[in-house]
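Trainee: The structure that follows is given in the form of structure tokens.
We did not get these values from a lab; they are worked out from the coordinates using the rules stated. This one's a predicted model, so the numbers in the text were calculated from it and none came from an experiment. Cβ placement follows ideal geometry from the backbone for every residue including glycine, while neighbour counts extend to all protein chains displayed.
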Amino acid sequence: MQGEDETRGVGALGEGTPQSVSLLAASTAKADAYLDEAIRVLRLKARQIEDSERFEHFAHFSAVMKALFEGAIAVLVLSLICAAGVMVWTAAHDNGLLIKPFTVPEDMAARGLSGQVIAARVLDQLSRMQSETQSNRAASSYADDWGHDVRVQIPETGVSVGQLYAYLSRWLGHQTRISGDVFYVAPDQIGVTARVGAGESQTFTGPATALTVLLQDAARSVYAATQPYRYAVYLFNTGHLHKAEAAYRTLISSGSAIDQAWAEVGLENIYEERGQTGRALKALHAALAIKPGFVIAYANLAAVEGQLQHDGAALRYQREYVRLLKRATADDLSPLAQKIDLVDAEELLASERGDYRAEVADDHLLETLPSLSGSHEKARRNLVLAYAQLHDPAAVDAAIKAFPPTSNAQRIFVRGVVATLADLLLGRDGAALASRGRLDAGLKALGPAGQRVLARQFAPFMAYAMARQGQAAAALKLIASIPLDCVDCLRMRGRIDAVLGNPKGADYWFARAVKAAPQVPFAWTDWGAARLRAGDIVGAIAALRQAHQLAPHFADPLELW
């Protein structure tokens, strides 16, 4: 029976039989093994995930470090490119002077006089000449300016940055290179040759003991060849006027336009030193013809006309000088000179307008700036005279005491002249007259320039002091000996006539003075004082009103009014 047989078959595999227990045990073992394997796989997966998370932190750090490293490399490359660019630009604009070591005999080198030592000595001589060459000229106006960039070449071995720069300077720049030789002409005679680039050289010979002198000669030849304008200034500053004049004339005949204009100014300085004021003025006008608006030419025109006591012309040129100095650029003056000269020019313009308080302020300001061409000393002298014009004897005496000590005889003498002029302005006639003999002799000893100061600036006021002291004959004799083309000379003639009771004579001289300089207030003020002395109140007020209109900050006309 089929159904029963099937039931029995199933039951044979049923629970409780040995066969079923064995089979069940085998299945459980497999399941446990599978489960263990699954658990192991899951643990591996979990560990892999944990490791992956830790690796991600490391990978991020690694990526950051890689980016920083690449950035550093980029910065380094950019820095090298910039450094190379700066080196190329600097080399292309290198206008310096490089002195190569001289070739020297072996026995000299053995005694310590190597080629580098000789080059250093030439450098010392060039530096000394530079220090003795003070000029207001802008360095940018020189065709071949090496200024203070003077150095000795130091020999190097191997390839170096210095050698690369030297190559670039030779290739791209305008560097002036000096070389030379020291050699024996005879056993006790040596020669020194200095050459500029590949140009012609000069040789100087002399006793072996005269090496220093020969090196000085060689340095001068280098200076003359490389800096012709500065060399001419050096000759002038060291008193070699004839050589300086020849150097300036060479520049006028063969130099650039700017060199020609500056050379004309140089000639003007020489003519001034000789007292040749006509030639000096002609040279300055020649400079303006070459370079219209030439600042330094207007400055010197104002100075020369002022020394001649041509007050009208001096004021006109001084105003133009101040206007030009205030331009955005003044390429014919160095920046320092432009800054100092503007204050100095405004100080002088204030003096010419009778604004003495402004002059005092400018003088004090000049003392705070660097000194250029004796600007501090000049400011201190002008301060003394400004206080005298303000009728302040205590301030005058304090300013004189404030002069710094000096052993320079000429400076001491000029300070004495200024002190005497201050005494004259203050009416301290006795002290001024007592110093007359000494100052007359000193001014005459200075040559034509000193004699001009004596005749046009010193003697007129001295004659007026004599008149005030009752020395009428001496006053008239002295005033008759001085020029007539001088505003102060005309003013003092008028003052003397007023003191001596000659109002018509005073009117005559003051009329000439105001005609010579109608825009200057001082003759009008003197005329008002003379009219007041003569009892002409209306005439006095008219003259004083005119002076006040010309110079609103000049106190004397208002005080007299």
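Trainee: Residue-wise, which Karplus ³J(HN,Hα) couplings in Hz belong to the stretch 311-319, taking 6.51 cos²θ - 1.76 cosθ + 1.60, θ = phi - 60°, and x for glycine or proline?
Mentor: Taking θ as phi minus 60°, the curve returns 4, x, 5, 4, 5, 5, 5, 5, 5 Hz for the stretch 311-319.
Trainee: When you count, for each residue, the other Cβ atoms within 10 Å and take the mean per peptide, how do 429-439, 220-230, 294-304, 464-474 rank with the highest first?
Mentor: Packing proxy ranking, top to bottom: 294-304, 220-230, 464-474, 429-439.
Trainee: Could I ask something else about it? Output the peptides 490-499, 283-292, 506-515 sorted from most to least packed, where packing is the average of other Cβ atoms within 10 Å over each peptide's residues.
Mentor: Top to bottom by mean Cβ count within 10 Å: 490-499, 506-515, 283-292.
Trainee: Continuing with this model, one more query. Step through the residues of the stretch 427-433 one at a time and calculate ³J(HN,Hα) from phi using the Karplus curve (6.51 cos²θ - 1.76 cosθ + 1.60, θ = phi - 60°), rounding each to whole Hz and writing x for Gly and Pro.
Mentor: x, 8, 5, x, 5, 5, 5
Trainee: Between the stretch 398-451 and the stretch 188-256, what's the alpha-carbon centroid distance in Å?
Mentor: If you average the Cα positions of each part, the centres end up 38 Å apart.
Trainee: Please turn the phi angles of the stretch 285-301 into ³J(HN,Hα) values with the Karplus equation 6.51 cos²θ - 1.76 cosθ + 1.60 (θ = phi - 60°), one per residue in order, whole Hz, x for glycine and proline.
Mentor: 5, 5, 4, 5, 5, 6, 9, x, x, 5, 4, 5, 5, 5, 4, 6, 4
Trainee: When you count, for each residue, the other Cβ atoms within 10 Å and take the mean per peptide, how do 553-560, 244-251 rank with the highest first?
Mentor: Per-residue Cβ counts within 10 Å, averaged per peptide and sorted highest first, yield 244-251, 553-560.
Trainee: Counting only residues 5 or more places away or on other chains, whose amide H sits under 5 Å from the amide H of Leu333 once H atoms are built in the peptide plane?
Mentor: Ala138
Trainee: Still on this model: Listing Thr368, Thr205 from the residue with the fewest other Cβ atoms within 10 Å to the one with the most, what is the order?
Mentor: Thr368, Thr205
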